[in-house]
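Rule-based calculations on the coordinates, nothing more; no lab input. The shown structure was predicted, so the numbers you read here are calculated from the model rather than taken from an experiment. Note that we place each Cβ from the backbone using ideal geometry, even for glycine, and neighbour counts take in every protein chain shown.
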Amino acid sequence: QVLVLYFARSAELAGLRCETLSVPREITSLQLWEEIVKVHPRLAIIRDQVVFAVRQEYVLLGDQLLVLQPGDEVAIIPPISGG
Amino acid sequence: MEESEDVPKDFIKLKSEKLSIDEVSELVVSPYCGAVSLFIGTTRNNFEGKKVINLEYEAYTSMAETEMKKICRDVRQKWPSVKHIAVHHRLGVVPITEASVIIAVSSPHRAESLEAVMYCINTLKASVPIWKKEIYEDEYSWKENKECFWANSEK
């Protein structure tokens, strides 16, 4: 079970800011995205513009294999605009 | 006991209250430094002809602070003579013309602090998870920094 955090546009599309999700311990970042989109289909439209932050490290959506621990934070990161 | 030797410090803060230029520059002032360089990012009232009514910032705060600390670490590697670094970023509603970010760096001589400040703001815009929403008269828009490598620029 991981803690998924939603920010900015992704929070608007998902309709919430955080939730726990059950996912396989080993999963590619793209598969993780697809699991999340199953729960929140409206997120599909931003697929090409987001990255993840897994345990606060940026991860692109793709083949990268993630090894997740219970309670890990996974954040959906739309394009940033700080500063 | 000896007086503190003015150990180099990083001052990182995310806050919803109005930022203070005096406060941020005073954090980095040091008797060993002849230069304090400052960058202030202020909010503009227009974008592509649309009038901006308000700006709102949100952040993944724990990771934003971590990324800001990484920037400070990088600065110290690139410019070892840099003394203190302060990065204050405002969150929540920021009225037009008020500061959304203030960065201050002190160093013995001016070249390093000037370069370090530029590096800080450029890297912040590329890597710190903070988002800005511009609210216009009849719509709003989540902004995207061109420095953000996963933003879709025009295809």
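Summary table below
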quantity	calculated
Centroid-to-centroid separation of the range B:54-81 and the range B:12-43 [C-alpha atoms, Å]	14 Å
Rounded tilt (10° steps) of A:29-39 against the dominant C-alpha axis of chain A	70 degrees
Kirkwood-based shape ratio for chain B, expressed as Rg/Rh from alpha carbons	1.02
Mean Kyte hydropathy of 0.0 or more with a Cα span along the axis of at least 15 Å, helices from DSSP in chain B	B:110-127
Exposed-site-free run, longest, chain B (rule: GluC sites (Glu not before Pro); DSSP loop; at most 11 other C-beta within 10 Å)	B:49-136
Counting all C-alpha pairs of chain A, share separated by more than 19 Å (%)	27 percent
